[in-house]
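Structure incoming, see below.
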Amino acid sequence: MAAITYSDIDPRKKAFIFELDDVLYPAKDYYFQIYYLFANLLEYTELNSAAKTTDLMIDTYTQKGEGEVFNTIATELNVDEKYRKNLEIMLLTSRLPLKLLLFKNMLSFMQEVVLDRKKLFIVTNGNPQQQLNKLRQVEWHGLEPYLICYFANESLPKPEPDVLHLLMQEHNLERRDLIMIEGSDTDKLCAEACGIDYISVKEII
């Protein structure tokens, strides 16, 4: 099936809403770089092999999810519990070695939205400090001035629709003006609760 492009979207839409992780860029690109930095810190302080630690962290993320990463290295590599805080802080604040790259089709899509003088919104769940740190390290190709970001956790996280109601109110938009590019059931439920149209990110990338 051919990917959906901007020209396939109802031209009456005035604004586009995106999640950040795994919608605009692959979330793993952020976490894997942090794991690399953390593993190198451990090698420096505890003489653990950075390569071995990085590999185990990445495998755990892939198989069990981000929440289990520290528990696994603590158990399997005897990493001291005191380092959990280091990892938590790095996940919130670290400068990455490499910029985060947008999905190619998503970059083209967003550029066309801007050229057509429509609005781009990022509405993201998760820790606002961490999400802001990710946003700052994306290679936006000049899109920055056109992005308006809402951190859903500052009101109620999606699927609660509060953040979308706030967005519509602040930007004088109606339900029919909006379309959400969704990347999860959470996004889908949020769009449905708010009564706005949505399409899956998979149809674009």
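The values are calculated or read from the model by the stated rules, or taken from the named source; none is laboratory data. Just so it is clear, the model here is predicted, and its values are computed rather than measured. Neighbour counts are summed over all protein chains in view; Cβ atoms, including those assigned to glycine, are modelled from backbone coordinates with ideal geometry. In case anyone asks, the SASA skips ligands and DNA or RNA and just uses the protein heavy atoms, side chains included. Shrake-Rupley method; radii C 1.70, N 1.55, O 1.52, S 1.80 Å.
Using only alpha carbon pairs under 8 Å that are at least six residues apart, calculate the relative contact order of the range 1-83 and give it in whole percent.
15
Hey, what did the chain get for relative contact order, percent, Cα under 8 Å, at least 6 apart?
Answer for the chain is 28 percent.
Continuing with the same structure: Can you give the extra length, in nm with one decimal, that the chain gains between Cys149 and Glu66 once fully stretched, where that is 0.36 nm per residue apart less the Cα-Cα distance?
Contour length minus Cα-Cα distance gives 27.5 nm.
Compute the distance in nm between two label points, each set 7 Å from the Cα along the Cα-to-Cβ direction, one at Glu170 and one at Ala3.
3.0
A further question on this structure: Roughly to the nearest percent, how much of the accessible area of the chain is carbon and sulfur, given a 1.4 Å probe?
On the chain, the fraction of accessible area on carbon and sulfur atoms equals 50 percent.
Between the alpha-carbon centers of the range 35-101 and the range 139-205, tell me the distance in whole angstrom.
31
Among Ala27, Tyr150, Leu56, whose Cα lies farthest out toward the positive end of the dipole of the range 1-159, if unit charges sit on the beta carbon of Lys, Arg (+1) and Asp, Glu (-1)?
Farthest towards the positive pole: Tyr150.
Further, regarding this structure: Would you indicate which of (1) 7, 25, 27, 23, 14, 4, 0; (2) 9, 36, 37, 17, 2, 0; (3) 8, 32, 31, 18, 9, 2 is the value of P(r) over Cα pairs in 10 Å bins from 0, in percent derived from the coordinates of this structure?
(3)
Counting only helical runs of four or more DSSP H residues, what would the 222 nm mean residue ellipticity of the chain come to if each run contributes -39,500 (n - 2.57) and the total is spread over all its residues?
After summing the helix terms and dividing by the residues of the chain, the value is -14500 deg cm²/dmol.
If you add up the charges near Asn86, with Lys and Arg at +1 and Asp and Glu at -1, over every other residue whose beta carbon is less than 14 angstrom from its beta carbon, what do you get?
Once all neighbours under 14 Å are counted, the net charge is -2.
For the range 140-196, what relative contact order do you get, as a whole percent, if you take Cα pairs closer than 8 Å and at least 6 residues apart?
Reported relative contact order: 35 percent.
Shape call for the range 1-65 from the C-alpha gyration tensor, a ≥ b ≥ c root eigenvalues: rounded (a/c under 1.5), prolate (a/b greater than b/c) or oblate?
The shape class here is prolate.
Relative to the present Cα-Cα distance, how much length would full extension add between Asp22 and Arg117 at 0.36 nm per residue of separation?
Result for the pair: 31.7 nm of gain on full extension.
Let me ask something additional. Local charge sum around Phe32 (other residues, Cβ-Cβ under 12 Å, Lys/Arg +1, Asp/Glu -1)?
Around Phe32, the surrounding residues sum to -3.
A follow-up question, please. With +1 on each Lys and Arg Cβ and -1 on each Asp and Glu Cβ, and nothing else charged, work out how big the dipole of the chain is about its Cα centre, in Debye to the nearest 20.
Magnitude of the dipole: close to 520 debye.
Using a Förster distance of 45 Å, how high is the FRET efficiency between Glu192 and Glu76, based on the Cβ-Cβ distance and rounded to 0.05?
The formula returns an efficiency of 0.60 here.
Solvent-accessible area per residue for the range 137-205 at a 1.4 Å probe radius, Å²?
For the range 137-205, the solvent-accessible area averages 52 Å² per residue.
Under 1.5 on a/c is rounded, so check that first for the range 98-167, then, if it is not, pick prolate when a/b is larger than b/c and oblate when it is not; a ≥ b ≥ c are the square roots of the alpha carbon gyration tensor eigenvalues.
Judged from the Cα gyration tensor, the range 98-167 comes out oblate (a/c at least 1.5, b/c at or above a/b).
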